[in-house]
Amino acid sequence: MRTGRRRTTLIATTAAATATLVTASLLTSVSAQAAAGCKVAYSVASQWPGGFTGNVTVTNVGDPIAGWTLRWSYGAGQQVSQAWGATVSQSGAQVSATNVDYNGNLATNGAATFGFNASWSDPVNLAPTSFTLNNVACTGGGSPTTPPPTTAPPSTPPPSSTPPPGQQPSALVGWATQNGGTTGGGNAGTTTVSNASGLTSALNATGAAVIRVTGTITCSGMLRVRSNKTIIGNYGATIVGCGLNVSGDRNVIIRNVTFRNWDDDAINVQESATNIWIDHNSFSNGYDGAVDIKRGSDFITVSWNRVTSHDKTMLLGHSDDNASQDVGHLRVSYHHNWFDGSNQRNPRVRFGNPVHVYNNYYRANGGYGVASTENAGVLVEGNYFENVDDPYHLGEGDSGPGSLVARNNHFVNSPTGQAGGSVAGIPYSYQLDTASNVKSIVTAGAGAGRITV
């Protein structure tokens with residue numbers, strides 16, 4: 001968290017377009033047949049000057065397919081910069097989105113959802129008006145050539161699309177289960193907010209509350225969150241330009257919200273705040289930390305979040321000089337998070353022991369993954385590191401080394417990291433996923449919009 005200059009980001013009017021698609025021949029570039037028919041819902045989830053986030057859902061109403069590529073063309077200078085749930089490329093105005101490993105097989109009436117960030121330059125962000133699926137023009141409805149049985153058994157998703165039993169995305173696990181547990185607003189009344197003033201008032205009110213965020217809220221600075229609050233985003237809920245500050249309060253849950261372009265921290269937990277659960281949120285393009293935890297805070301779980309297009313991700317312990325407040329505290333569990341190209345501090349740890357970093361997916365982190373400093377004790381367990389030059393190490397910058405125990409991690413085009421010392425025992429029960437399965441599990445479940453709450 002910082003003080004000083006603020007910047008305000010404007011959100012333009014959102015747009016949505018829906019197209020119904022049909023295809024009738026074989027795919028040539030992917031090893032799969034074309035669908036007999038499909039539906040595509042294309043929407044602009046959020047928009048700001050020069051950029052936007054798009055969501056696409058493809059529903060196959062034809063015969064089952066194994067592998068798909070959806071193509072469309074833009075007419076307003078849009079350029080896709082990053083994507084999730086699909087591999088997206090662009091040549092000129094044409095965009096191609098191809099399935100990833102966990103959503104390539106679409107049964108009849110099966111659907112796949114992906115999203116992307118993009119820039120745009122024209123006065124109006126026009127939605128595409130036509131699509132092709134597997135290289136065939138889509139022109140209308142469709143039906144399978146062999147209708148499915150009337151009492152068809154439920155389709156079973158590939159094993160990689162859902163966490164195994166006992167480790168469901170909605171379950172609270174880790175340090176936030178200790179010290180009496182974390183319930184947030186519990187069964188208190190629900191307040192729905194859709195603008196900055198409503199959000200500010202609801203967060204700062206005394207007493208327990210469940211606060212539902214809807215639509216896109218533009219704000220600046222840090223909004224104070226009081227004790228016994230559950231903050232839940234409805235589908236597509238986005239907070240732009242500001243962050244949430246839990247300072248000295250306890251029992252707070254923050255779930256299913258997209259944070260973008262914050263001007264300080266997205267979520268700041270400080271001043272001995274305890275029992276906090278930060279779960280299934282998405283973070284991108286902010287100024288400082290996505291989730292910073294410091295100044296004696298304790299009993300916190302950070303789970304199933306996704307961080308993209310961001311530098312300083314998750315700081316634990318703000319200063320080398322704060323041992324008197326931090327030693328014996330800063331106990332945090334980081335699990336099933338998707339550090340998707342985030343540069344550093346995934347997390348960077350001071351003093352906390354034990355800090356549990358397990359079953360996270362690290363992809364192409366340019367700086368480093370995990371750093372243990374200032375006598376911290378960090379258990380790095382069952383994570384998946386892909387194209388990460390420095391998965392974990394001891395010490396960072398001017399901070400002296402901590403201890404780090406690494407076990408059961410999986411490395412793809414990444415070296416093993418630097419470990420050493422011992423770490424205190426983990427007091428809670430948890431189920432460790434096999435590290436080689438973590439990429440598919442996390443990419444299928446992490447981030448906002450992946451749960452219904």
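Just a few scattered comments:
- Answer residue from the stretch 52-72, given it is more than 14 Å from T108 (Cα to Cα) and at pLDDT 80 or above and is most open to solvent (accessible area, probe 1.4 Å) among those: R71
- The stretch 361-453 holds strands (runs of 3 or more DSSP E) entirely within its bounds, and those carrying 1 or more residues that are under 19 Å from the mean Cα position of the chain (by Cα) and surrounded by fewer than 21 Cβ atoms within 10 Å (Cβ to Cβ) map to 361-363, 384-386.
- Selection status of T274, β-branched (V, I, T) and more than 24 Å from V442 (Cα to Cα): yes
- The criterion of being out of contact with any helix residue (DSSP H, G or I) (no Cβ under 9 Å at 6 or more places or on another chain), under 29 Å from S272 (Cβ atoms) and not aliphatic (A, V, I, L, M) holds for G421.
- For the stretch 292-338, the candidate set comprises residues that are of a type outside the set (F, W, Y) and on the phi > 0 side of the Ramachandran plot; within that set, the residue that is surrounded by the most Cβ atoms within 10 Å (Cβ to Cβ) is G317.
- In the stretch 73-176, counting only strands (runs of 3 or more DSSP E) that sit wholly within it, the ones holding 3 or more residues that are within 26 Å of the chain's Cα centre (by Cα) and at pLDDT 70 or above span 79-84, 86-91, 94-99, 111-119.
- Within the stretch 262-283, restricting attention to residues that are more than 22 Å from D340 (Cβ to Cβ) and hydroxyl-bearing (S, T, Y), the residue that is most open to solvent (accessible area, probe 1.4 Å) is S272.
- Of the candidates P415, P427, P401, the single residue that is of a type outside the set (G, A, S) and touching a Ser or Thr at 6+ places or on another chain (Cβ under 8 Å) is P401.
- Count of the stretch 221-248 residues which are open to solvent by 20 Å² or more (accessible area, probe 1.4 Å) and of a type in the set (D, E, K, R): 2
- A Cβ distance below 7 Å, combined with a sequence gap of six or more or placement on separate chains, defines the contacts here; from the stretch 324-345, residues that are over 24 Å from Y384 (Cα atoms) reach residues that are in a loop (DSSP other than H, G, I, E, B) and open to solvent by 50 Å² or more (accessible area, probe 1.4 Å) in the pairs Q325/R295.
- Close contacts from the stretch 421-438, counting a first residue that is on the phi > 0 side of the Ramachandran plot and a second that is surrounded by 13 or more Cβ atoms within 10 Å (Cβ to Cβ), with Cβ to Cβ under 6 Å and a gap of 6+ residues or different chains, come to G421/S403.
- Unmet criterion (only one of (1) open to solvent by 50 Å² or more (accessible area, probe 1.4 Å); (2) more than 13 Å from F131 (Cα to Cα)) for Q94: (2)
The values are calculated or read from the model by the stated rules, or taken from the named source; none is laboratory data. Fair warning: this is a prediction, and the values are worked out from it, not measured in the lab. Reconstructed Cβ throughout: ideal geometry from the backbone, glycine too, with neighbour counts over all protein chains shown. To get the accessible areas, we keep the full protein, side chains included, count just its heavy atoms, and leave off ligands, DNA and RNA. Shrake-Rupley method; radii C 1.70, N 1.55, O 1.52, S 1.80 Å.
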